[in-house]
Structures are given as structure tokens and as C-alpha cells.
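K.L.:
Let me give you the structure first, and then I'll get to my questions.
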Amino acid sequence: MSTPPPGGANPQPQPQPAPSPLTIHGQYIKDLSFENPRAPQSLIEQKQPQLTLNVNVATRQFETKTFEVTLTVEATAQTPEKEPLFVLELVYAGTVTLGDVPQDAYGPLLLIETPRLLFPFARAIVANATREAGFPPLNIAPVDFVALYRQQLEAAGGNIPGIPPGQVGHA
């Protein structure tokens, strides 16, 4: 049986972790609006609402690799008779810096991965706002940000506003 050398076992050099391709500096509510135009009548009637939901992602560049990514959630509910119950708009954003990644990774990192990270927080804000307004919490189903990214690419002809041309990549 051998004994370890004095001072303990020979330590193996620890590998350095790979730098992150994406760093989130902060996330925040940019705009939150909730309208309950028929209150308190809308809360007394308790009719099954028809819900319309839209989710959109946009970017704005600050520095070479620093961007603001905004996740906009718009939800409207109305009665079957088309009377409004509520209108909600949330613009939730995060400021991110891209690491040492190829330019064709910018689009997927900014328009798929960042919204995936922001979405759970935006979803909780929407649920809390609708609950606090007297309605059942609106729990938004997960969003397919890959499909949304592809739609944005098609609609923009391959260039997405807020991302320099040639940096949108392909998912």
C-alpha cells in the first residue's frame, strides 16, 4: 500500500469552464398595461371568455455584442357577444451580451434562447396580473420560439430588424 506524498495527492489541473455564449445582465418589465373595462360587471357575470393571445420577440442592439431582447405578450378576452373583458399588454425585456460565437449564431441566441429564458418570468407576470384583476390566472402554454423565429425570418426576407444583416443565422 503506498502512501500519498506529503501535502496530499498531486492535484490535477482543473479544466477551465467554456465561456458562456450568452450572458444575461438583467431582465425587467418595460411596459405593463391591464384594462378591465367592464368591471365589476365582467366579474359578476363570469361568462366563458374568448381569448386572443399574441407573443412577439424583438431585439435592439446597444454595442457590438450587447442587445436588448423584448418579449411582448398581448392578451385580450371578450364575451361570446364580443364585449371586452380584459386587455393585457406586457413588454418584458432582458439585456444580454453574446460571447465568442459565430455571427450566424446571433439570431438563434437572441430570438430563440433568450426568449426561452425570459418566458417563465413573463408568464408568471401575466398569470398574476389576470388573477389580481379578479379573473382566473391566465397560464400561457409554452411558446415554440424556433417556429416564431422561422416565421420572423420568412416575413423579413432573411433580415430581422435589430440584428445586423448577415447575423440572423438559421435554426
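K.L.:
Determine if region 38-56 includes at least one residue that is aliphatic (A, V, I, L, M), touching a Ser or Thr at 6+ places or on another chain (Cβ under 6 Å), under 22 Å from ALA122 (Cα atoms) and touching a residue at least 24 places away in the same chain (Cβ under 8 Å).
P.N.:
So far as region 38-56 goes, no, none of its residues is aliphatic (A, V, I, L, M), touching a Ser or Thr at 6+ places or on another chain (Cβ under 6 Å), under 22 Å from ALA122 (Cα atoms) and touching a residue at least 24 places away in the same chain (Cβ under 8 Å).
K.L.:
Something else about it: Inside region 111-137, can you point out the residues that are buried (at least 18 other Cβ atoms within 10 Å of the Cβ) and touching a Gly at 6+ places or on another chain (Cβ under 8 Å)?
P.N.:
THR114, LEU118
K.L.:
Restricted to region 138-159, and to residues that are in contact with a Phe, Trp or Tyr (Cβ under 9 Å, 6 or more places away or on another chain) and either of a type in the set (Phe, Trp, Tyr) or within 17 Å of LEU109 (Cβ to Cβ) (or both), which residue is surrounded by the most Cβ atoms within 10 Å (Cβ to Cβ)?
P.N.:
Ranking the qualifying residues of region 138-159, first place goes to PHE145.
K.L.:
Just to verify a result, which residue in region 54-112, among those that are over 30 Å from GLY134 (Cα atoms) and small (Gly, Ala, Ser), is modelled with the highest pLDDT?
P.N.:
ALA58
K.L.:
On to the next question. Identify the single condition in (1) modelled with pLDDT under 85; (2) assigned to a loop (DSSP other than H, G, I, E, B) that PHE135 does not satisfy, given that it satisfies every other one.
P.N.:
Condition not satisfied by PHE135: (1).
K.L.:
Being closer than 26 Å to ALA141 by Cβ and either at pLDDT 95 or above or surrounded by fewer than 12 Cβ atoms within 10 Å (Cβ to Cβ) (or both) is the filter here, so list the residues in region 15-34 that pass it. So that I can check it myself, show each step before the final result.
P.N.:
Of all residues in region 15-34, those closer than 26 Å to ALA141 by Cβ come to 22, 24, 27-34.
Of everything in region 15-34, those that are closer than 26 Å to ALA141 by Cβ and either at pLDDT 95 or above or surrounded by fewer than 12 Cβ atoms within 10 Å (Cβ to Cβ) (or both) turn out to be GLN27, TYR28, ILE29, LYS30, ASP31, LEU32, SER33, PHE34.
K.L.:
Could I ask something else about it? Could you list, in sequence order, the residues of region 57-74 that are touching a residue at least 60 places away in the same chain (Cβ under 8 Å) and among the hydroxyl-bearing types (Ser, Thr, Tyr)?
P.N.:
THR59
K.L.:
On to the next question. Please verify whether PRO80 is under 16 Å from TYR28 (Cβ atoms), touching a residue at least 24 places away in the same chain (Cβ under 8 Å) and either out of contact with any Pro (no Cβ under 8 Å at 6 or more places or on another chain) or crowded, with 20+ Cβ neighbours inside 10 Å (or both), treating the condition exactly as stated.
P.N.:
no
K.L.:
Of all the residues that make up region 103-151, how many are in contact (Cβ under 8 Å) with a residue 24 or more places away in the chain and touching a Lys or Arg at 6+ places or on another chain (Cβ under 7 Å)?
P.N.:
2
K.L.:
Now a separate question. Please verify whether region 70-92 includes one or more residues that are over 21 Å from the mean Cα position of the chain (by Cα) and closer than 16 Å to PRO21 by Cβ.
P.N.:
No.
The values are calculated or read from the model by the stated rules, or taken from the named source; none is laboratory data. As the structure is a prediction and not an experimental result, all values here were calculated from the model. Quick reminder, even Gly has a Cβ in these numbers, built from the backbone with ideal geometry, and neighbours come from all protein chains shown.
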